[in-house]
Each structure stands twice: as structure tokens, then as C-alpha cells.
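**Q** The structure's right below; bear with me while I get my questions together.
The values are calculated or read from the model by the stated rules, or taken from the named source; none is laboratory data. Bear in mind the structure is a predicted one, so any value in this text is a computation, not a measurement. Cβ coordinates were reconstructed from backbone atoms using ideal geometry, including for glycine residues, and neighbour counts include every protein chain displayed.
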Amino acid sequence: MYGSIFRMKVKPGQEQKVIDLFNEWDKVERPKVKGAIAGYVMKPDSKSGELIGVAVFQDKASYRANAERPEQDRWFRKMREHLQADPQWEDGEYLRSQLPR
């Protein structure tokens, strides 16, 4: 599996809009994306105004294919409007997981 863990600094009052956009992606875009396995958004206790996202794909090729989709770029630009800066990304291979079966 391959994906990204990313930290987002959200503009004040925009947190729900960011979450809504992730929910929209899950309903509208995810069914079109081959290899998309899971996505998570966490609100850390220690970082007010930040969210942490996790994207999980079947492999690096499906992750890259999604990143290159024009629809993904449009979605990202909409989400970016609600952030103070670009997310801090850490892309890489997931070496272990315990997903519900």
C-alpha cells in the first residue's frame, strides 16, 4: 500500500468546510479512483486549528494516477481555499496495516 500523511493548517472557522470537502470526495470521486482504499481526517488534541489527513491507496501507481487527475486538482484547489498554507505532505509506502475486515 502507498499513500500520504499530511498536516493542514485550517483557516479560522473553516474546519467543517474542509471536512465536508473530504466527505464529498469520498462520495463523488472515490468511486472513480482505482486503488483508493481509505482516507482519514484527524483533529489532533495538541494542535488547535490543524487537521491531519491520511490517504491510503493500493500502490504507488494508483496514488500517482489519482494525483494526476484533473478532477483531483480541482478538488484540491477548492480545499486549499480553506487552508492557511499548502499541506505538509509525507508520501510513502505503508509497511503494515490492520484494517477492519
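Okay, residues lined up against (1) at pLDDT 95 or above; (2) under 17 Å from Tyr94 (Cα atoms); (3) assigned to a loop (DSSP other than H, G, I, E, B):
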residue: Ser4; (1), (2), (3): yes, yes, no
residue: Lys17; (1), (2), (3): yes, no, no
residue: Leu21; (1), (2), (3): yes, no, no
residue: Asp26; (1), (2), (3): no, no, no
residue: Glu29; (1), (2), (3): no, no, no
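**Q** Are there any pairs with C-beta distances below 8 angstrom linking a residue in the range 81-101 that is over 15 Å from Ile37 (Cα atoms) to a residue that is part of a loop (DSSP other than H, G, I, E, B) and of a type outside the set (Gly, Ala, Ser), with the two at least 6 apart or on different chains, and if so which?
**A** His82/Lys11; His82/Gln14; Leu83/Lys11; Leu83/Gln14; Gln84/Lys11
**Q** I need the full set of residues from the range 41-70 which are surrounded by 14 or more Cβ atoms within 10 Å (Cβ to Cβ), touching a residue at least 24 places away in the same chain (Cβ under 8 Å), of a type outside the set (Lys, Arg) and not in a loop (DSSP other than H, G, I, E, B), in order please.
**A** Passing the criteria: Glu50, Leu51, Ile52, Gly53, Val54, Ala55, Val56, Phe57, Ser62, Tyr63, Ala65, Asn66.
**Q** Restricting to the range 47-72, name every residue that is of a type in the set (A, V, I, L, M) and over 14 Å from the mean Cα position of the chain (by Cα). Spell out the reasoning first.
**A** Just the residues of the range 47-72 that are of a type in the set (A, V, I, L, M), to begin with: 51-52, 54-56, 61, 65, 67.
Those that are of a type in the set (A, V, I, L, M) and over 14 Å from the mean Cα position of the chain (by Cα): Ala61, Ala65.
**Q** Which residue pairs have Cβ atoms closer than 7 Å, lie 6 or more positions apart in sequence or on different chains, and pair a first residue in the range 26-40 that is among the aliphatic types (A, V, I, L, M) with a second residue that is part of a strand (DSSP E or B)?
**A** Ala36/Phe57; Ile37/Val56; Ile37/Phe57; Ala38/Val56
**Q** Right, here's the next one. Any chance you could count how many residues in the range 27-40 are more than 13 Å from Gly53 (Cα to Cα) and surrounded by fewer than 16 Cβ atoms within 10 Å (Cβ to Cβ)? Walk me through it before giving the result.
**A** The first filter runs over the range 27-40 and keeps only residues more than 13 Å from Gly53 (Cα to Cα), leaving 27-37.
When the remaining residues are screened for being surrounded by fewer than 16 Cβ atoms within 10 Å (Cβ to Cβ), the result is 27-28, 30-32, 34.
Looking only at that region, the number is 6.
**Q** May I ask you to list the residues in the range 7-20 that are within 12 Å of the chain's Cα centre (by Cα) and crowded, with 17+ Cβ neighbours inside 10 Å?
**A** Met8, Val18
**Q** Limited to the range 71-97, what total is found for residues that are over 25 Å from Glu50 (Cβ atoms) and exposed (fewer than 13 other Cβ atoms within 10 Å of the Cβ)? Write out each step before concluding.
**A** Applying the first criterion (over 25 Å from Glu50 (Cβ atoms)) to the range 71-97 yields 71, 95-96.
Subsequent filtering for residues that are exposed (fewer than 13 other Cβ atoms within 10 Å of the Cβ) retains 95-96.
Adding up the residues that qualify gives 2.
**Q** For the range 73-90, enumerate the residues that are in a helix (DSSP H, G or I), over 12 Å from the mean Cα position of the chain (by Cα) and under 14 Å from Val18 (Cβ atoms).
**A** Arg77, Lys78
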